[in-house]
Amino acid sequence: MNRRMRIAICVVLAVIPMVVLWPRGQAGTQAVGLGYSEYTERLDSLVGENIPLRGLLGQAGLALRMAGGNREQDGVHIARHDFIKKLAEPDEAVMEQNMAAVRDFARYCQSINRPLYFMLIPTAEEILRGELPRFYRPVNQKQLMEEAYAALAGELVTVDSYTPLYASRERYLYYHTEDNLTALGGYYIYTALARRLRVEDAPSLSHYEIRYREEEYYGNLYELSPWKRIEGDVLMTFHFSRYEREYAVTQTRATGKYTWHALYGEHMADLGRPMEMYPGASAAVCDIIVSSPWDRSLLVFGDHTAQAWLPFLTSHYRRVTFVNPAHNPALFAAVDPEAYDQVLVAFSVDSWASSRGAPASLTLFVE
Amino acid sequence: MEAIAGQVLQGALSPGSFLFLFVVLPVFLILSLAVPGRYRARLLLILSGVYILAAWPWWLPLPVLSTVVDFLCMRMMGRYEEEPERRRIFLWLSVAKTLIMIAGLSLLEQAFAVLPFWGLFICALSGTGAVLEAHRREIPCENSFVRFALYCCFFPKLFAPTMLRYSAFDGQPRNPDGDRLFMGLLLYLQGAFKAFLFGGRLTGMYVQLQSALESDASILSAWSLVVVFALGLYFVMSGAGDMARGLGQAFGIEMKRNFYYPYQSRSVGDFLERFNMCLSDFIRRHVYDRLRAQRRGAAMEGAALVLCGMLMGLWFGLRLNGILWGAYLALFAVLETKFFPKPAASAPLLLRRIGTLLVVVAGFSILSQDSPAGTLRLVGAMLGTGGIPLYNSDVLYILSTNRLVLAVSALLSTSLVSLAAFWLRRAVPKTARVLSAIFFVGLLLLYTALSL
């Protein structure tokens, strides 16, 4: 074999696969390695978990990273006093699906002659923009909300929760360590709701007795984060001091039905689950019966944010039923919107823009 | 970029993992120090085999096969000492084996998304390089399979091509003394820092910038992408090289430096000699020098340089962009030496360094992308075509949240820190030793803290 032939063979061996596979060049970046043993991965994790002074070293490493400007860990901003969860990039398909479900539900409510109210609630990332890192550009939740309201205009009554929250943004509206509104944040949402639901004007804060049930509560964001230098939260309950009312709160969970005879299940704090003292927290259905002079009833479809503002609404209704459609539909199949005078659909922007199954489950009532 | 970083950074037995740092390395070191010197090569070969089996079990037959084929070729060349034609057959057998392995593994990656580990290429090249050296009678044909296999498959060098000259392996492994062991471990830790902490972080930044460029392009994001790519590639590869050299030193095997502050180069030719040095040395010895020896004129010499540049680009995968990148740099080197030698040599040093840096960084716009179309889009963004803005909040956010990493990595990519350490060792050697020990402990704690 002569020299030129040998060179030609080498060039062919090197070049032809590249030319043939040129359009598929990107496959390499998604290629998966063969041979990473699960056993060695587990061993590596075991070694990592048992390093001496792990906690101290972890905190030091995190402090260094944060000093270097990196204040975002696992989708959570670490601000000076707060953990602020990042809103995931909105999923257009999910929003379309939710929009269609609410539209169908609005038509259903019109057919049964029940007024339907719709509210989207901004997350802490929107209202507490001032605490976010410089140059960070969060999802424009205000624009998302306005687009949703514009698309549904005429079919239902929308409630603006953005304005009262933004106007009071300096106040303790969102928990530092939990991805949710505080009871004070819930009050400001209630002020907007009360106007739109055409009940009495919301009483001022001075009409409420505020009890501080827990003063060092550390929520889900704190538990998930390795950063432990954020102060704990204060869990408050608001008690309307003008009247004495009697309550029967029945929570339906996967494990069964639980009833307590107070607006807040303060015994849950003693059981080590203080966040569950708020009606609607962690429940598929929360049915609140109030010894009230009012004869009105309200059905609410919502998510975890409802636990902040739901208690305030009980001042105006004989019965308030909250349904969280993210739970097993079998748990709320018996709820009948026709048995209520008003229906409210209220979700956080997070649930609206990126969560399949929550608002979209409203179609179960239409079918 | 992620594929390159993944080769070094991913896996429970990657050289910077906790399992490796706190379990495998201490055990291997203790065993290595415990055995008498004459058994050290055998032990290191066994340890390398165990490591490959644990880290990449499915790939073990390939380095074994490659090493056996290369060793047999070398032995056969030794048997046919006076028959050049037969020696040439065995040489081509080894070369063909390596080319088929490279082509086959690249095909596997491109067509079936199965990523082979880098070490396979290093192993194959090492063996073929040794056969080439033996063919040219630069070294005697090796009789010991253990030594030959150790040269090809020594586990630290499977992450970085830090030893591709068999003649440099002569007399190794040696018994490391306390100083060499300590300095080796320090170098290893520095390499882990560079590769895992800086390289890993810069790789993450690269992914963010790529995404930001696709969604909302700006001139700053385009330039940031190529700069971050340049830094990330340097830190991953030089970090891997330092880890390999450090581990080699600790086990008694000296390996060559692979990167020598390439971004301080005075010319593009200088850059090619400072970047991936062992590979460029290999290509120069076995390809460029042979082509130049035929004396076919300046044009052919230039073409040979371009071919060598393309081969260097092939190291980053069987991708057109890798080849174009190598050709781009080689063309500039040809222009410097053949067409503008006087201006290139007489310009002020600072200007030459800045000019070279600009050419090199711009060249990474080719290597950083998966296709020529991607490169064209990136270059268009770098030049501000299409009316894109100068900057946007996305790129400012990415840069501001990584400002410390960028600043420190820019500093560490220069020789300033190394010069300061050198001066310290010369000026106050005893204090420098104490400081080295403190630095070692501090680096270990810092590495552990930042890796958790």
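The values are calculated or read from the model by the stated rules, or taken from the named source; none is laboratory data. As the structure is a prediction and not an experimental result, all values here were calculated from the model. Every residue, glycine among them, receives a Cβ derived from its backbone with ideal geometry; neighbour counts consider all protein chains shown. Protein only, heavy atoms only, side chains kept; ligands, DNA and RNA dropped before computing areas. Shrake-Rupley method; radii C 1.70, N 1.55, O 1.52, S 1.80 Å.
Please work out the average accessible area per residue across chain B, using the 1.4 Å probe convention, and give it in Å².
Accessible area per residue: 42 Å².
Let me know the charge dipole size of the protein assembly as shown about its Cα centre in debye, to the nearest 20, where only the beta-carbon of Lys, Arg (+1) and Asp, Glu (-1) is charged.
Dipole of the protein assembly as shown, to the nearest 20 debye: 4680 debye.
Which value, in square angstrom to the nearest 100, describes the accessible area buried between chains B and A on both sides, using a 1.4 angstrom probe?
4500
Out of B:Leu443, B:Pro140, B:Trp118, whose Cα points farthest toward the positive end of the dipole of chain B (charges: +1 Lys, Arg; -1 Asp, Glu; placed on Cβ)?
Final value for the positive-end residue is B:Pro140.
Sort chain B into rounded, prolate or oblate with this rule: let a ≥ b ≥ c be the square roots of the eigenvalues of the Cα gyration tensor; rounded if a/c is under 1.5, and if a/c is not under 1.5, prolate when a/b is larger than b/c, oblate otherwise.
Because a/c hits 1.5 or more and a/b fails to exceed b/c, chain B counts as oblate.
Roughly how many percent of the accessible protein surface of the protein assembly as shown is carbon and sulfur, given a 1.4 Å probe and a whole-percent answer?
60
Does the stretch B:104-218 classify as rounded, prolate or oblate by the C-alpha gyration tensor (a ≥ b ≥ c root eigenvalues; a/c under 1.5 gives rounded; else a/b over b/c gives prolate, otherwise oblate)?
Since a/c reaches 1.5 but b/c is at least a/b, the shape of the stretch B:104-218 is classed as oblate.
List the residues of the stretch B:430-452 whose accessible area drops by at least 10 Å² when all protein chains are present, compared with their chain alone, using a 1.4 Å probe and counting only protein heavy atoms.
Relative to the lone chain, where solvent access is computed with a 1.4 Å probe, the stretch B:430-452 loses at least 10 Å² at B:Leu445, B:Leu446, B:Thr448, B:Ala449, B:Leu450, B:Leu452.
I need the shape label for the stretch A:216-367. Rule: rounded when a/c is under 1.5, else prolate if a/b > b/c, else oblate, with a, b, c from the alpha carbon gyration tensor.
Oblate, since a/c reaches 1.5 and b/c is not below a/b.
What list of ³J(HN,Hα) couplings, whole Hz, do you get for the stretch B:422-434 from phi and the Karplus terms 6.51, -1.76, 1.60, once you set θ to phi - 60° and write x for glycine and proline?
4, 4, 5, 5, 6, 6, 9, x, 5, 4, 4, 5, 5
Compute the FRET efficiency between B:Tyr261 and A:Ser354 as 1/(1 + (r/R0)^6), taking r as their Cβ-Cβ distance and R0 = 51 Å, and round to the nearest 0.05.
0.65
Expected output is a single nm value to one decimal: the length gained when fully extending between B:Leu383 and B:Tyr39, i.e. 0.36 nm times separation in residues minus the C-alpha distance. What is it?
My answer for the length gained is 117.8 nm.
Over the whole of B:91-99, what's the average partner chain Cβ count within 10 Å per residue? Rounded to a whole number, please.
That works out to 2 on average.
Would you mind getting me the FRET efficiency between B:Leu335 and A:Arg296? Use the beta-carbon distance for r and R0 = 56 Å, nearest 0.05.
It comes out at approximately 0.10.
Compare the Cα positions of A:Ala346, A:Ser291, A:His327 along the charge dipole of the stretch A:271-367 (+1 at Cβ of Lys, Arg; -1 at Cβ of Asp, Glu; about the Cα centre) and return the one farthest towards the positive end.
A:Ser291
Does any residue of the stretch A:107-142 lose at least 50 Å² of accessible area with all protein chains in place compared with its chain alone, and if so which ones (probe 1.4 Å)?
Residues of the stretch A:107-142 that lose at least 50 Å² of accessible area once the other chains are added: A:Phe135, A:Arg137.
Report, in deg cm²/dmol and to the nearest 500, the calculated mean residue ellipticity at 222 nm for chain B, where each DSSP H run with n ≥ 4 adds -39500 (n - 2.57) and the sum is divided by the residue count.
Result for chain B: -22500 deg cm²/dmol, rounded to the nearest 500.
Using DSSP H assignments, which helices in chain A have an axial alpha-carbon span of 24 Å or above and a mean Kyte-Doolittle hydropathy of -1.0 or higher?
Span-like helices in chain A: A:3-20, A:92-111.
Tell me which residues come under 5 Å, amide H to amide H, from A:Gln73 once H is placed; ignore anything under 5 positions away on its chain.
Result for A:Gln73 returns A:Ile78.
In percent, what relative contact order does chain B have, based on Cα pairs under 8 Å that are 6 or more apart in sequence?
It rounds to 16 percent for chain B.
Would you tell me the accessible area of A:His176, worked out with a 1.4 angstrom probe on the heavy atoms of the protein chains, in Å² to the nearest 10?
40
So how much accessible area does B:Cys141 have, in Å² to the nearest 10, using a 1.4 Å probe?
30
Using a 1.4 Å probe, how large is the accessible area of A:Asp201, given in Å² and rounded to the nearest 10?
That residue has around 130 Å² of solvent-accessible surface.
Restrict the search to the stretch A:235-292; then list the chymotrypsin sites (Phe, Trp or Tyr not before Pro) that DSSP places in a loop and that have at most 15 other Cβ atoms within 10 Å of their Cβ.
Sites meeting the loop and neighbour criteria: A:Tyr243.
Mind checking the mean number of beta-carbon atoms from other chains within 10 Å of the Cβ atoms in A:58-64?
4
Go through the stretch B:318-332 residue by residue and turn each phi into a ³J(HN,Hα) via Karplus (6.51, -1.76, 1.60, θ = phi - 60°); whole Hz please, and just put x for glycine and proline.
With coefficients 6.51, -1.76 and 1.60, one gets 7, 10, 4, 5, x, 5, 5, 4, x, 5, 4, 5, 5, 4, 5 Hz.
Please give the net charge around A:Tyr149, taking every other residue with its beta carbon less than 13 angstrom from that of A:Tyr149, where Lys and Arg add +1 and Asp and Glu add -1.
Taking every other residue near A:Tyr149 into account, the sum is -1.
Hand me the trypsin sites (Lys or Arg not before Pro) from the stretch A:90-149 located in a DSSP loop with no more than 15 other Cβ atoms within 10 Å, in residue order please.
Of the trypsin sites (Lys or Arg not before Pro), the ones in loops of the stretch A:90-149 whose Cβ has at most 15 other Cβ atoms within 10 Å are A:Arg134.
Consider all pairwise Cα distances in the protein assembly as shown and report the whole-number % of them above 39 Å.
52
Which residues belonging to the stretch B:1-15 lose at least 40 Å² of 1.4 Å-probe accessible area when the assembly is complete, relative to their chain isolated?
The answer is B:Ala12.
Could I get the Rg over Rh figure for chain A? Both from C-alpha atoms, Rh via Kirkwood, rounded to two places.
Radius of gyration relative to Kirkwood radius: 1.12.
Hey, can you find the accessible area per residue of chain A for me, probe 1.4 Å, expressed in square angstrom?
48
How high is the relative contact order of the stretch B:50-200, in percent, counting Cα pairs under 8 Å that sit 6 or more residues apart?
26
Which GluC sites (Glu not before Pro) in the stretch A:104-174 pass both tests, a DSSP loop state and at most 13 other beta-carbon atoms within 10 Å?
Answer by residue number: A:Glu170.
B:Ala410 versus B:Asp216, label points 7 Å from Cα toward the beta carbon: distance in nm?
It works out to 2.4 nm between the two label points.
How do A:Asp74, B:Asp242 stack up against each other in accessible area, from largest to smallest, with a 1.4 angstrom probe?
A:Asp74, B:Asp242
Rounded to the nearest 0.05, what FRET efficiency do B:Lys430 and A:Arg211 give with R0 = 51 Å and r taken as the Cβ-Cβ distance? Could you check?
For B:Lys430 and A:Arg211, the calculated efficiency is 0.15.
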